[in-house]
Amino acid sequence: MMREVLFAPSLLSADILDVRSSIAALRGEHDWLHVDVMDGVFVPNITFGPGFVSALRKRYPVEVLDVHLMVEHPDRLIDSFLDAGSDYLTVHLEADRHIHRTLTMIRERGARAGVSINPGTPEELLRPVLPLADLVLVMSVNPGFGGQSFIPSALEKTKSLCRWREASHYNYRVEMDGGIGWGNAAEIALAGCDVIVMGSAVFGAQDPALFLQEIKLNVKEAIAHA
């Protein structure tokens, strides 16, 4: 059976004054919706809060909301974002002194727990918490802004995570975010990535839905011929 790769457009690159139109332009060709939450401390930008996630959940009850917390002390915000309707809630290894407890809290609330690392963080540091992870997000840019260039070392991190998953029979998905577009999506999928986050590449396209259709086909063909 061919491995499935999911696509999660990042609403960071949507029209913030007309998010409904941006989502409508996807015409259901996406798999998840990715929400980047930034606090202006952990990263140099401020974006969405629990109210935004709650509004998405009410408007789009069947969507998978993939919420990425780029915030200091994420444990203090876990309940707010889970109450808002997050399906996946990802926190940064670098931002949480008690990452085991935080991932456990997310799972105990019935959501999927994700853990993320920045480009400068070795993937080896993730190994103690992999049994608690449903999702591992490899950042392929330094987080904070959209439209940045892809950092190739993220590919080796993905390959390591896939090897460890197979060797230890873990069930987490590997996700990648940052600088991904037509030119590198297939390579990222071939490295083992299960979920591809794209922002400006999708919402900057003339026809976002057609772009997703075509890039999905390109990735599927690359996997089939690998």
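The values are calculated or read from the model by the stated rules, or taken from the named source; none is laboratory data. Everything quoted here is computed from the prediction, not taken from an experiment. Glycine gets a Cβ as well: all are built from the backbone with ideal geometry, and neighbour counts include every protein chain shown.
Observations, loosely collected:
- Helices (runs of 4 or more DSSP H) contained in region 109-226 and holding at least 1 residues over 27 Å from ARG20 (Cβ atoms), β-branched (Val, Ile, Thr) and in contact with a Gly (Cβ under 8 Å, 6 or more places away or on another chain): 154-168
- Residue within region 135-151 that is surrounded by 20 or more Cβ atoms within 10 Å (Cβ to Cβ) and over 18 Å from GLY178 (Cα atoms) present: no
- GLY51 among the small types (Gly, Ala, Ser), over 30 Å from GLU124 (Cβ atoms), in contact (Cβ under 8 Å) with a residue 24 or more places away in the chain and buried (at least 17 other Cβ atoms within 10 Å of the Cβ): no
- Number of residues in region 156-185 that are buried (at least 20 other Cβ atoms within 10 Å of the Cβ) and either farther than 18 Å from HIS34 by Cα or over 15 Å from the mean Cα position of the chain (by Cα) (or both): the value is 3.
- Scanning region 44-59 for residues that are basic (Lys, Arg) and in contact with a strand residue (DSSP E or B) (Cβ under 8 Å, 6 or more places away or on another chain) yields a total of 1.
- Summed over region 150-196, residues that are under 18 Å from SER13 (Cβ atoms) and in contact (Cβ under 8 Å) with a residue 12 or more places away in the chain total 14.
- Test: residue in region 77-96 that is surrounded by fewer than 17 Cβ atoms within 10 Å (Cβ to Cβ) and at pLDDT below 95: no
- Candidates PHE42, PHE48 - the one that is farther than 17 Å from GLY110 by Cα and either β-branched (Val, Ile, Thr) or in contact with a His (Cβ under 9 Å, 6 or more places away or on another chain) (or both): PHE42
- Tabulated pairs, region 1-27, first polar (S, T, N, Q), second in a loop (DSSP other than H, G, I, E, B), C-beta under 6 angstrom, 6+ apart or interchain: SER10/GLY199; SER13/GLY146; SER13/GLY199; SER22/ALA14; SER22/ASP15
- Check on ILE106, among the hydrophobic types (A, V, I, L, M, F, W, C), over 21 Å from ILE196 (Cβ atoms), buried (at least 18 other Cβ atoms within 10 Å of the Cβ) and at pLDDT 95 or above: yes
- Just one residue in the set VAL43, VAL35, VAL67, VAL53 is of a type outside the set (Gly, Ala, Ser), in a helix (DSSP H, G or I) and under 17 Å from the mean Cα position of the chain (by Cα); that residue is VAL53.
- When region 1-43 is limited to residues that are of a type in the set (D, E, K, R), under 24 Å from ASN184 (Cα atoms) and out of contact with any strand residue (DSSP E or B) (no Cβ under 7 Å at 6 or more places or on another chain), the one that is surrounded by the most Cβ atoms within 10 Å (Cβ to Cβ) turns out to be GLU29.
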